[in-house]
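The values are calculated or read from the model by the stated rules, or taken from the named source; none is laboratory data. Note that the coordinates shown come from a computational prediction; the quantities given were computed from them, not determined experimentally. Counting neighbours? That spans all protein chains shown, and the Cβs are built from the backbone with ideal geometry, glycine included.
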Amino acid sequence: MIAYVKGIIEDIREDDVVIDVGGLGYHVRISADTAARLPGIGEKAKLYTYMNVREDAVQLFGFLSRNDLEIFRKCITVSGIGPKGALAILSVLDADSLRYAIMSGDVKAITKAPGIGARTAERLILELKDKIQIDEGMIGREIEETRAAGSADTPQKREAVEALVSLGYGQAEAMKAVNAIERIEEMDSGAVLKAALKKMF
């Protein structure tokens, strides 16, 4: 079992990344949220991994924190949700948002994930509600861990993402919009927010 991979990012896309570990390239499946928070090509990264072994393939799924990996593992225990479905859910909801959605019975938030219908979301809530614990201290530590993992993070980005989330946008889509802005280092927080809002439409 591979617990994590730590190395240089060779290639990155919305749903996968290649990490060079001592000359060996590991192909790792990731969520869109993780892709948005990773540093760029040529930068160092560490991903906690889950290995999925099938008859026709061996796949690695990667996460920036143990918190993300833990909720992924819980999701795939639910009937009808495999690794691909769990990754789709974590592409539209970060781990903490998913925990709150489960605890509050928010079917609508979970069905934003492609391929996840209302019945599957209801089953996820039913089966995991008693297994999910909201630990504010743990969540705070994990948020700092994932923020630290993305070395490209800046105050302008953080403030713009927080503003977008307060306006009702999801964490993942807010991060994607902000990261798509060019020459962001030349802008203040207000300009970043305006540019990100344009990306939303």
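A single entry from I2, I9, I19, I41 fulfils the requirement of being within 19 Å of L69 (Cβ to Cβ), of a type in the set (V, I, T), in a loop (DSSP other than H, G, I, E, B) and without any contact (Cβ under 8 Å) to a residue 60 or more places away in the chain: I2. Could you tell me whether any residue of region 25-37 is part of a strand (DSSP E or B), outside the structural domain of I89 (by TED's automatic domain parsing) and either among the aliphatic types (A, V, I, L, M) or under 27 Å from V161 (Cα atoms) (or both)? Yes, there is a match, as at least one residue in region 25-37 is part of a strand (DSSP E or B), outside the structural domain of I89 (by TED's automatic domain parsing) and either among the aliphatic types (A, V, I, L, M) or under 27 Å from V161 (Cα atoms) (or both). When the residues of region 170-201 are filtered to those that are modelled with pLDDT under 75 and in a loop (DSSP other than H, G, I, E, B), which remaining residue is nearest to L93 (Cα to Cα)? That would be G170. Does A86 satisfy the criteria of being touching a helix residue (DSSP H, G or I) at 6+ places or on another chain (Cβ under 7 Å) and either assigned to a helix (DSSP H, G or I) or over 24 Å from L128 (Cα atoms) (or both)? It is true that A86 is touching a helix residue (DSSP H, G or I) at 6+ places or on another chain (Cβ under 7 Å) and either assigned to a helix (DSSP H, G or I) or over 24 Å from L128 (Cα atoms) (or both). Go through (1) modelled with pLDDT under 95; (2) surrounded by 18 or more Cβ atoms within 10 Å (Cβ to Cβ) one by one and return the number of the condition N52 breaks. Only one criterion is unmet by N52, namely (2). Any residue at all in region 43-53 that is more than 20 Å from R13 (Cβ to Cβ) and either touching a Gly at 6+ places or on another chain (Cβ under 8 Å) or of a type in the set (D, E, K, R) (or both)? No, there is no match, as no residue in region 43-53 is more than 20 Å from R13 (Cβ to Cβ) and either touching a Gly at 6+ places or on another chain (Cβ under 8 Å) or of a type in the set (D, E, K, R) (or both).
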